[in-house]
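Visitor: To start, I am sharing the structure in question, which I have written as C-alpha cells.
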Amino acid sequence: MSAARPELRPPLLRCEQLSVRRGRREVVHGVSLELRAGELVALLGPNGAGKSTLLDALAGNVPPAAGTIERHGRVAIALQAADLARRGVLANVTVALAWWGVAREERAERAREALRAMGAEHLCERLATTLSGGERRRVHIARTLAVRPDILMLDEPFAGLDAEARATLLEDAVTVLRSAECATLVVVHDRAEAWALADRLLVLIDGVIVADGPPRELLERPPSEQVARFLGYDGSLTDEDGVLLTRPAQVILDPDGPLRARVVHAVPLEDGARVELELEGGRVYATAPHPAPRRHELVRLRIQGGARFPRAGAGSGDGRSGAAARVHSVTRGE
Amino acid sequence: MKLVWDEFRDAVPLVFHGNPYLGSIIWFTVQVAVVATAIAALIGLPIALAIGLGRFRGRRVLHVLANAGLAVPPVLVGLLLYLLFVPTGPLGSLHLVLTRRSVFIAQTILAIPYVVALSAAAIQGLPPGLLNQARAFGASRVQLSVLALREARIGVIAALIAALGSTLSEVGAMVVVGGNLYGYDQTLAGAALFEGNAEHYEDAIAIGYVLMVLIFIAMCALGLLQQRGGGIRMRFRPAR
C-alpha cells in the first residue's frame, strides 16, 4: 500500500483528445484527463452533457471516435441503473465476482465484506426484488467495490433516491470510497454530492471539460462565466467593467447594507423564502429568514464574495483577481 | 352431456386395462412431445439468445421470421417435408417419408418458432441495465446467456409450454409426412383424427379425453416450475 499522495502516483487512466459518438452525433469532444490511484474525482454536468457517454468510453464499453485512452489495470463500472438479478442479495454480489473472474472459494467472503462496508450486510439473505431503492443502490455499489478494481467508475450512484436515503447512502459511500486505494471517478448530477464526495471536480458541459480542480476552489473561483452559472451563480450584476455573478449565500439582506434593491419574487421555503432582488445593473437571489420581505418591498443588502468576469473583449479574466477586487468594492459600497 | 360422459367412461378401461393400441399411442405421443420439445429448445434457445442479446444486423428480421413461424399452417410444413423426403425429393435418400422419424422432425420444426419467438421476446424484455452491468463486469457469452435465461425463465418456460402444446396437439404436418399410419406413427391427436375420419366418434372422443389429460399433466408440471420462479439452479463459472 503506497502512502504517496494521489498527485504523486502514476496515472491509472489517461485519455488524450477523446471524442465519443452516440450514433451519428458526437457527444464528447476532445476530452483529456488523468486519474491516479487514491484519487476520488467527481464528474459533474447538466443533463445531456455527455457524462455517461464519457464514462462508458473510459470504461471501454463504447469505442472512442477519436483520441486515445490508456488504462493501467482493470476498470469496473457501476452503471446508472441499479438492476439486480432476481435472486438473493449475496448471490447478486457473488455472481458479479464470478463474472469478474474471482475464484469460487473467495467470492462469499469478499461479497460479505463489500456489503458490510456499504452497510448492507443485513440484506444478505433478502431477495433483490424486495429491496427498496436505497438498498438496491447499496448492493449495486457493493458489488462494484467487491471486485476490487484498479479503476472504479460510478454513474450517478445516488440517482432516484429520496433526500433521506440519498444523505445516508452518500455518507456511507464517502467513507468507503475515500478509503479505497483505486482511482475513482463518480458521475454526479447534484452539486452537493460532488462537494461531499470528491477531492477533484471535473465539470463537463456540452461534451467539453470546462473546469478541473478541487471543488471548493472551483466554487470560489470559477474559471469562466459558464462554469460559474452551472455551479450556482444565479445572480448577475453588470457594469461598465463586466459582470459580477453571485450565489444566494453571498447576497446578505442587511438593513445597513450599501446596496438597495426591490423584491421581485419571493418563493416561500421551509425556513424563510428565496427572494429575487432587482437592483441597479441586474438581479440577484438571496435566502431570507422568516419573516421574509414581501414582493415589491425595498430592502438593503450587501454582497460578500461573487465572481467577476470582464465583458467579452475587455481583457483576460478568470473570475479570480477581478472578482476579489469587485467583491471588496461592492461590500464596502464604493 | 350423457354421451360425453359415456365416452370418457369407455375410454378409462382402454387406458387402465392395458389396451396395447392406446398404450402404444400414448407412449409414442409422449416420446414425440418430449423429444421434439427438447430438440426445439436446443435449437431455438441459442437463436432466441442471439436475437435477445446479440448486436448483429438482421436480428430484427430473424425475430420477425420467428414470429411469422407461429402462424405457418402445419399442413404446409408437412407438405414441404413430404416433398423433401419423397424418394424423388432432395432428401429422398434418407427414406424418411411415412416413418416415425418424419413425425419427430415435423413436430420439432413446428415447435421451434414457439421457442424462438417467445423466448426472444422474454429476453428482450429484461432490464437492459442488468445485462449491460454483467457485460461491464466481464461476463462471458455463456455467463450472459445463463443470466438471461435465468432472469427470463418465466417467459422461457411459457415458450416451452407453448412448444410442448404444439407437439402434443398439432396433426396437420405429421399426417401428411408421416401418413398417420394406424398403430405405427400415430400420436393421440392423429389417432383421434383417424377415428373421426372412420366415423368412430366414440373412440375419437375417448382418445381426445386422454390427450386432454396428458396435456393437463404436462402443463401442470411446467406451470408449477414456472410459478416457482423456474427452480432452475444454474452455476456460474469464473471467466477465464
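Visitor: Just to be sure I understand the filter: pairs with C-beta atoms under 6 Å, separated by 6 or more residues or on different chains, first member in region B:59-83 and of a type in the set (D, E, K, R), second member at pLDDT 90 or above and assigned to a helix (DSSP H, G or I). Which pairs pass?
Guide: Close Cβ pairs satisfying both conditions: B:ARG59/B:ILE51.
Visitor: I've got another one for you. What's the number of the condition B:LEU144 fails, among (1) surrounded by 19 or more Cβ atoms within 10 Å (Cβ to Cβ); (2) under 19 Å from A:LEU79 (Cβ atoms); (3) in contact (Cβ under 8 Å) with a residue 24 or more places away in the chain?
Guide: Just one mismatch for B:LEU144, condition (1).
Visitor: Output the residues belonging to region A:61-96 that are in a loop (DSSP other than H, G, I, E, B) and within 10 Å of another protein chain (Cβ to nearest Cβ). Spell out how you get there, then give the answer.
Guide: Step one: filter region A:61-96 for residues in a loop (DSSP other than H, G, I, E, B), giving A:61-65, A:72-74, A:79-87.
A:ASN61, A:ARG74, A:LEU79, A:GLN80, A:ALA81, A:ALA82, A:ASP83, A:LEU84, A:ALA85, A:ARG86, A:ARG87, listed by residue number.
Visitor: Inside region A:93-122, can you point out the residues that are surrounded by fewer than 22 Cβ atoms within 10 Å (Cβ to Cβ) and within 22 Å of A:VAL174 (Cα to Cα)?
Guide: Listed by number, the residues that qualify are A:ARG110, A:ARG112, A:GLU113, A:ARG116, A:ALA117, A:GLY119, A:GLU121, A:HIS122.
Visitor: Could you list, ordered by first residue, the pairs with Cβ atoms under 6 Å in which the first is in region B:202-219 and among the charged types (D, E, K, R) and the second is assigned to a helix (DSSP H, G or I), at least 6 apart or interchain?
Guide: Going by the 6 Å Cβ cut-off, the qualifying pairs are B:GLU202/B:GLU7; B:ASP203/B:GLU195.
Visitor: Quickly run through region B:125-145 and pick out the residues that are in a loop (DSSP other than H, G, I, E, B) and either farther than 15 Å from A:VAL102 by Cβ or more than 7 Å from chain A (Cβ to nearest Cβ) (or both).
Guide: Filtering region B:125-145 down to residues in a loop (DSSP other than H, G, I, E, B) leaves B:125-127, B:137-140.
Listed by number, the residues that qualify are B:GLY125, B:LEU126, B:PRO127, B:SER140.
Visitor: Hey, can you tell me all the residues within region A:210-250 that are touching a Ser or Thr at 6+ places or on another chain (Cβ under 8 Å) and either over 27 Å from A:ASP190 (Cβ atoms) or surrounded by 20 or more Cβ atoms within 10 Å (Cβ to Cβ) (or both)?
Guide: If the condition is that a residue be touching a Ser or Thr at 6+ places or on another chain (Cβ under 8 Å) and either over 27 Å from A:ASP190 (Cβ atoms) or surrounded by 20 or more Cβ atoms within 10 Å (Cβ to Cβ) (or both), then A:ALA211, A:TYR233, A:GLY235, A:LEU237, A:VAL243, A:LEU244, A:LEU245, A:THR246 are the ones that fit.
Visitor: Which of the following residues is under 15 Å from B:VAL115 (Cα atoms), within 12 Å of chain A (Cβ to nearest Cβ) and in a helix (DSSP H, G or I): B:ALA163, B:ALA159, B:ALA148? Write out each step before concluding.
Guide: Details: B:ALA163 fails: within 12 Å of chain A (Cβ to nearest Cβ); B:ALA159 fails: within 12 Å of chain A (Cβ to nearest Cβ).
The unique qualifying residue is B:ALA148.
Visitor: Of (1) part of a loop (DSSP other than H, G, I, E, B); (2) facing chain B (nearest Cβ under 10 Å); (3) crowded, with 23+ Cβ neighbours inside 10 Å; (4) not acidic (Asp, Glu), A:ALA49 satisfies all except one. Which?
Guide: For A:ALA49, the exception is condition (2).
Visitor: A further question follows. Considering only residues that are in contact (Cβ under 8 Å) with a residue 12 or more places away in the chain and of a type in the set (D, E, K, R), look in region A:97-112 and name the one that is nearest to the other protein chains (Cβ to nearest Cβ).
Guide: Filtering region A:97-112 for residues in contact (Cβ under 8 Å) with a residue 12 or more places away in the chain gives A:97, A:100, A:102, A:107-108, A:110-112.
Subsequent filtering for residues that are of a type in the set (D, E, K, R) retains A:107, A:110, A:112.
On the way: A:ARG107: 9, A:ARG110: 13, A:ARG112: 17 Å.
Ranking the candidates gives A:ARG107 first.
Visitor: Restricting attention to region A:213-236, which residues are in a helix (DSSP H, G or I), within 13 Å of the chain's Cα centre (by Cα) and not hydrophobic (A, V, I, L, M, F, W, C)? Even if it seems obvious, please write down each step before you answer.
Guide: Step one: of region A:213-236, the residues in a helix (DSSP H, G or I) are A:215-220, A:225-230.
Adding the requirement that they be within 13 Å of the chain's Cα centre (by Cα) leaves A:215-216, A:218-219, A:227, A:230.
Matches in region A:213-236: A:PRO215, A:ARG216.
Visitor: Pull up region A:12-46, narrow it to residues that are small (Gly, Ala, Ser) and part of a strand (DSSP E or B), then point me to the one that is surrounded by the fewest Cβ atoms within 10 Å (Cβ to Cβ). Can you show your working first?
Guide: So in region A:12-46, the residues small (Gly, Ala, Ser) come out as A:19, A:23, A:30, A:32, A:37-38, A:42, A:45.
When the remaining residues are screened for being part of a strand (DSSP E or B), the result is A:19, A:30, A:32, A:42.
Numbers: A:SER19: 16, A:GLY30: 15, A:SER32: 13, A:ALA42: 23.
Result: A:SER32.
Visitor: So which of A:VAL210, A:VAL174 ends up being among the β-branched types (Val, Ile, Thr), in a helix (DSSP H, G or I) and without any contact (Cβ under 8 Å) to a residue 24 or more places away in the chain?
Guide: Working: A:VAL210 fails: in a helix (DSSP H, G or I).
The match here is A:VAL174.
Visitor: Okay, moving on. Suppose the filter is among the small types (Gly, Ala, Ser) and within 30 Å of A:GLY133 (Cα to Cα); does A:ALA57 pass it? Walk me through how you get there before you give the answer.
Guide: Values: among the small types (Gly, Ala, Ser): yes; within 30 Å of A:GLY133 (Cα to Cα): yes.
Against the criterion (among the small types (Gly, Ala, Ser) and within 30 Å of A:GLY133 (Cα to Cα)), A:ALA57 qualifies.
Condition check ((1) more than 28 Å from A:GLY60 (Cα to Cα); (2) of a type in the set (Val, Ile, Thr); (3) in contact with a Lys or Arg (Cβ under 9 Å, 6 or more places away or on another chain)) across all residues:
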residue	(1), (2), (3)
A:HIS122	yes, no, no
A:GLU125	yes, no, no
A:THR129	yes, yes, yes
A:ARG138	no, no, no
A:ARG143	no, no, no
A:ALA146	no, no, yes
A:ILE151	no, yes, yes
A:GLU156	no, no, yes
A:LEU161	no, no, yes
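Visitor: Please specify each residue of region B:166-196 satisfying the condition of being surrounded by 24 or more Cβ atoms within 10 Å (Cβ to Cβ), over 22 Å from B:TYR114 (Cβ atoms) and among the hydrophobic types (A, V, I, L, M, F, W, C).
Guide: B:ALA191
Visitor: Take region A:40-50 and flag every residue that is farther than 17 Å from A:ALA192 by Cβ and either of a type in the set (A, V, I, L, M) or modelled with pLDDT of 90 or more (or both).
Guide: Filtering region A:40-50 down to residues farther than 17 Å from A:ALA192 by Cβ leaves A:48-50.
Answer for region A:40-50, where residues must be farther than 17 Å from A:ALA192 by Cβ and either of a type in the set (A, V, I, L, M) or modelled with pLDDT of 90 or more (or both): A:ALA49, A:GLY50.
Visitor: Can you find even one residue in region B:98-114 that is surrounded by 15 or more Cβ atoms within 10 Å (Cβ to Cβ), of a type in the set (A, V, I, L, M, F, W, C) and over 27 Å from B:VAL213 (Cβ atoms)?
Guide: There is at least one residue in region B:98-114 that is surrounded by 15 or more Cβ atoms within 10 Å (Cβ to Cβ), of a type in the set (A, V, I, L, M, F, W, C) and over 27 Å from B:VAL213 (Cβ atoms).
The values are calculated or read from the model by the stated rules, or taken from the named source; none is laboratory data. Everything numeric here is computed off the predicted structure, so don't read it as measured data. We place every Cβ from the backbone using ideal geometry, glycine too, and count neighbours over all the protein chains shown.
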